[in-house]
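Colleague: Before I ask anything, here is the structure I am working with.
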Amino acid sequence: MSDALAPLPAITDEVLRVENLSVHFPVGPSWPFGKPRATVKAVDGVSFSLKRGETLGLVGESGCGKSTTGLAALRMLQPTGGRIVFEGQDITGFDKARMRPLRRGMQMVYQDPYGSLNPRMRVRDLVGEPLAVHKLVSSQAEYDERVAGLLATVGLLPSMADRYPHEFSGGQRQRIGIARALALEPSLIICDEPVSALDVSIQAQVVNVLVDLQQRLGLSYLFIAHDLAVVRHISHRIAVMYLGRIVEIASRDDLYARPLHPYTQALMSAVPVADPEVERARPRIPVRGEVPSALRPPSGCRFHPRCPMATDVCKTVDPVLTSTGGGRAVACHLVHPPVTSAVAPSPMQHSSNESRVARTA
Ligand code: SF4
């Protein structure tokens, strides 16, 4: 990716709101036939909103709950708690029948552009299948015309409709996946690591296709990735996740100019800079060890066993995601020191889902 940032499209009203979302998985040797022995809190009190025409980048290490958050937001996974509002409707409790008409408006682009396409289907049917399923075309001619239009939208030739997925490069296959996601004219697309399986040279092409489509169609993206350089190019705002929670959320420019959470700072310091002199001179912020298990998250701040700036209070008091103004929120005692008075207990000392609603601006 080059360092020149493309202008991002204007943002209007809200498409998706996720409030205090949690997704917990019971686990144990006998589950699902016996009592679960424990609970994996894959997502634990996540809140964010996404406006029309906006891209929210969701970043963090593997296993932090990014993909689970995306799947739950689409109701492809049942949330354990919280609320999901899509296009003004609370869809948290909707069953399959009530979700079916809404599925047209929310689509997903997957990480593996080969695995997500049926190798036995021609591109014509891979892209056109959603049109047929939702009965959006009335003749073969109309079907072919819509498929050709969708392929052209993502920069592929209509003549490619008769080929099979294995006849395409990784980048072209991802374009086919995007064309299929666009077939139903969604307002929201969850992009789950859509370029991480591609060569670096191809990543920029696919990201540019997504930005171009957003500008033309007003799409909203929840862009899940672990590569901060890619996320920077496409996102208006970025949320950083750690062990099932958002620890910092801010505009792209604020986050990259001045990351406030020690975990965000560590992630940023690991992103390589093109200029070798700058790269050599800039400080690295070390993060110790591996991500702890979501089965037994650490007490207090979940990041404290790895945080180079942890203090005693971090081991016992769970920091709450709290606004710093200007649309930014951070969950860290360095930024928002906890109230320690016994007379006035701090809301930061609560750890229930209810207390974890982000106090954002
Ligand atoms: Fe580090 Fe403490 Fe901030 Fe957690 S609350 S990120 S342990 S300084």
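The values are calculated or read from the model by the stated rules, or taken from the named source; none is laboratory data. Just so we're clear, the structure is a prediction, and the values are computed from it rather than from any experiment. In this analysis, Cβ positions are derived from the backbone assuming ideal geometry, glycine residues included, and neighbour counts consider all displayed protein chains.
Colleague: For VAL40, are the conditions met, namely being out of contact with any Lys or Arg (no Cβ under 7 Å at 6 or more places or on another chain), surrounded by 15 or more Cβ atoms within 10 Å (Cβ to Cβ), at pLDDT 95 or above and of a type in the set (Val, Ile, Thr)? If you could, list the steps in order and put the result at the bottom.
Modeller: Numbers: out of contact with any Lys or Arg (no Cβ under 7 Å at 6 or more places or on another chain): yes; surrounded by 15 or more Cβ atoms within 10 Å (Cβ to Cβ): yes; at pLDDT 95 or above: no; of a type in the set (Val, Ile, Thr): yes.
Answer is no for this residue.
Colleague: Continuing with this model, one more query. Take the residues of the range 78-128 that are among the aliphatic types (A, V, I, L, M) and closer than 24 Å to GLY171 by Cβ: which is surrounded by the fewest Cβ atoms within 10 Å (Cβ to Cβ)? Before you say what the answer is, go through the steps one by one.
Modeller: Narrowing the range 78-128 to residues among the aliphatic types (A, V, I, L, M): 84-85, 91, 97, 99, 102, 106, 108-109, 117, 121, 123, 126-127.
This time we only want the ones that are closer than 24 Å to GLY171 by Cβ, so: 108-109, 117, 121, 123, 126-127.
On the way: MET108: 20, VAL109: 24, LEU117: 22, MET121: 14, VAL123: 26, LEU126: 23, VAL127: 30.
Per the criteria, the residue is MET121.
Colleague: Now, a different point. Pick from PRO283, PRO272: which is away from the ligand (no atom under 16 Å from the Cβ), more than 24 Å from GLN203 (Cβ to Cβ), loosely packed, with under 12 Cβ neighbours inside 10 Å and over 18 Å from the mean Cα position of the chain (by Cα)? Spell out how you get there, then give the answer.
Modeller: Details: PRO272 fails: more than 24 Å from GLN203 (Cβ to Cβ).
The match here is PRO283.
Colleague: Still on this structure, I have one more. Just to be sure, is VAL137 surrounded by 21 or more Cβ atoms within 10 Å (Cβ to Cβ), without any contact (Cβ under 8 Å) to a residue 40 or more places away in the chain and more than 18 Å from GLN203 (Cα to Cα)? Before the answer, list the steps.
Modeller: Working: surrounded by 21 or more Cβ atoms within 10 Å (Cβ to Cβ): no; without any contact (Cβ under 8 Å) to a residue 40 or more places away in the chain: yes; more than 18 Å from GLN203 (Cα to Cα): yes.
No; evaluated as a whole, the condition is false for this residue.
Colleague: From the list ALA310, ALA331, pick out the single residue that is among the small types (Gly, Ala, Ser), under 25 Å from GLU19 (Cβ atoms), within 11 Å of the ligand (Cβ to nearest atom) and at pLDDT 90 or above.
Modeller: Details: ALA310 fails: under 25 Å from GLU19 (Cβ atoms).
Of the residues listed, the single one that is among the small types (Gly, Ala, Ser), under 25 Å from GLU19 (Cβ atoms), within 11 Å of the ligand (Cβ to nearest atom) and at pLDDT 90 or above is ALA331.
Colleague: For ALA257, all conditions in the list (1) surrounded by fewer than 18 Cβ atoms within 10 Å (Cβ to Cβ); (2) within 20 Å of GLY45 (Cα to Cα); (3) modelled with pLDDT of 90 or more; (4) of a type in the set (A, V, I, L, M) hold save one; what is the number of the exception?
Modeller: Evaluating ALA257 over (1) surrounded by fewer than 18 Cβ atoms within 10 Å (Cβ to Cβ); (2) within 20 Å of GLY45 (Cα to Cα); (3) modelled with pLDDT of 90 or more; (4) of a type in the set (A, V, I, L, M) leaves (2) as the failure.
Colleague: May I ask you to list pairs of residues, at least six apart or on different chains, whose Cβ atoms are under 6 Å apart, with the first in the range 303-331 being over 23 Å from SER49 (Cβ atoms) and in contact (Cβ under 8 Å) with a residue 40 or more places away in the chain and the second being more than 8 Å from the ligand (Cβ to nearest atom) and in a strand (DSSP E or B)?
Modeller: Filtered contacts from the range 303-331: PHE303/TYR242.
Colleague: Would you pick out the residues in the range 181-208 that are crowded, with 20+ Cβ neighbours inside 10 Å and in a helix (DSSP H, G or I)?
Modeller: Matches in the range 181-208: ALA181, LEU182, GLN203, VAL206, VAL207.
Colleague: Let me ask another. Taking the criterion of being away from the ligand (no atom under 16 Å from the Cβ), within 21 Å of the chain's Cα centre (by Cα) and either of a type in the set (Phe, Trp, Tyr) or not in a strand (DSSP E or B) (or both), would at least one residue in the range 286-300 satisfy it?
Modeller: Scanning the range 286-300, I find at least one residue that is away from the ligand (no atom under 16 Å from the Cβ), within 21 Å of the chain's Cα centre (by Cα) and either of a type in the set (Phe, Trp, Tyr) or not in a strand (DSSP E or B) (or both), so the answer is yes.
Colleague: Moving to a separate point now. Being away from the ligand (no atom under 15 Å from the Cβ), hydrophobic (A, V, I, L, M, F, W, C) and buried (at least 20 other Cβ atoms within 10 Å of the Cβ) is the filter here, so list the residues in the range 229-254 that pass it. Full working, then the answer.
Modeller: Going through the range 229-254, the residues away from the ligand (no atom under 15 Å from the Cβ) turn out to be 229-239, 250-254.
From what's left, hydrophobic (A, V, I, L, M, F, W, C): 229-231, 234, 238-239, 250.
Listed by number, the residues that qualify are VAL230, VAL231, ILE234, ILE238, ALA239, ALA250.
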